[in-house]
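The values are calculated or read from the model by the stated rules, or taken from the named source; none is laboratory data. Bear in mind the structure is a predicted one, so any value in this text is a computation, not a measurement. Every residue, glycine as well, gets a Cβ built from its backbone with ideal geometry; the counts of neighbours run over all protein chains shown. Ligands, DNA and RNA are stripped out before the accessible areas are found, and what is left, the full protein with its side chains, is counted by its heavy atoms. Shrake-Rupley method; radii C 1.70, N 1.55, O 1.52, S 1.80 Å.
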Amino acid sequence: MEEILSESEMKLDGVRQKILQVAQELSGEDMHQFHRAVTTGLQEYVEAVSFQHFIKTRSLISVEEINKQLTFTTEDSGNESKTPSSDGQDKQLVTWRLKITPVDYLLGVADLTGELMRMCINSVGNGDIDTPFEVSQFLRQVYDGFSFIGNTGPYEVSKKLYTLKQSLAKVENACYALKVRGSEIPKHMLADVFSVKTEMIDQEESIS
C-alpha cells in the first residue's frame, strides 16, 4: 500500500506541474473567461486527490487543502510579461495559484463515488469485508451533504446527485448481502455475490 501511495503521489506531482503551467498561462487573465476550458481537468484532479486522501485517512479532503496544493512558488526568470504576486528579497520569487472553484470541487467529489464502487469490489475480492462498510458510511455522509444542496445549486451538481444516489444504493445493498450471507459464503466467492447484487440493481433501474 505504501509503495502504491508513493507512486500515486509522484504522478499527482506531475499533474500539479501541468496545473502550474496553466496558472502561469492564465496569470493576469480573467479566470472565469477560460474556466470552461480547464474545468474538466480540474474535476479529474479533485477526484484523484480525494481518492488518494480517502485511502490514507478514510475522510474527505477539503477544498482548502486542495487549493493549498495548487499554490506554487518559483524563481522569477525575468522573462515574464505578466505580473503575479511576488515576494522574497535575495531572490525574486513569484507565487502562482489556480484555485479550485466550489463547483469543480463538488463535481470531482461526486465522480469519486465511482472509484469507491470499484474499490469495494476489489477489496471484497481480496477477502476484505470491512472496507465496503466503511465506504458505505462515507458515501452516506457525502450524499447527505449533497442533499442539502438539492436543486438550489448549479445544474451539473443536481445531475450528479442522481448518479451519487445510485452508487450509494448499490454499495448499501451489496453490504446488506455481505452482512446477511457473509458468514455462509467462502471469502473468495464474496466478490461474485457483491458483483451480482450490483448488476441486479442495474437491471431493476433499467426496467423502471
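Data for the structure
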{"quantity": "Selection from region 97-119 of residues that are open to solvent by 40 Å² or more (accessible area, probe 1.4 Å) and not in a helix (DSSP H, G or I)", "calculated": "Arg97, Lys99"}
{"quantity": "Matching residues in region 120-145 - criterion: being surrounded by 19 or more Cβ atoms within 10 Å (Cβ to Cβ) and without any contact (Cβ under 8 Å) to a residue 60 or more places away in the chain", "calculated": "Ser123, Val135, Ser136, Leu139"}
{"quantity": "Which numbered condition Glu2 fails, given (1) modelled with pLDDT under 90; (2) farther than 30 Å from Phe133 by Cα; (3) not polar (S, T, N, Q)", "calculated": "(2)"}
{"quantity": "Failed criterion for Val94 (all others in (1) at pLDDT below 90; (2) part of a helix (DSSP H, G or I); (3) buried (at least 19 other Cβ atoms within 10 Å of the Cβ) hold)", "calculated": "(2)"}
{"quantity": "Residues of region 120-142 satisfying the condition of being closer than 13 Å to Lys170 by Cα and either touching a strand residue (DSSP E or B) at 6+ places or on another chain (Cβ under 9 Å) or not in a helix (DSSP H, G or I) (or both)", "calculated": "none"}
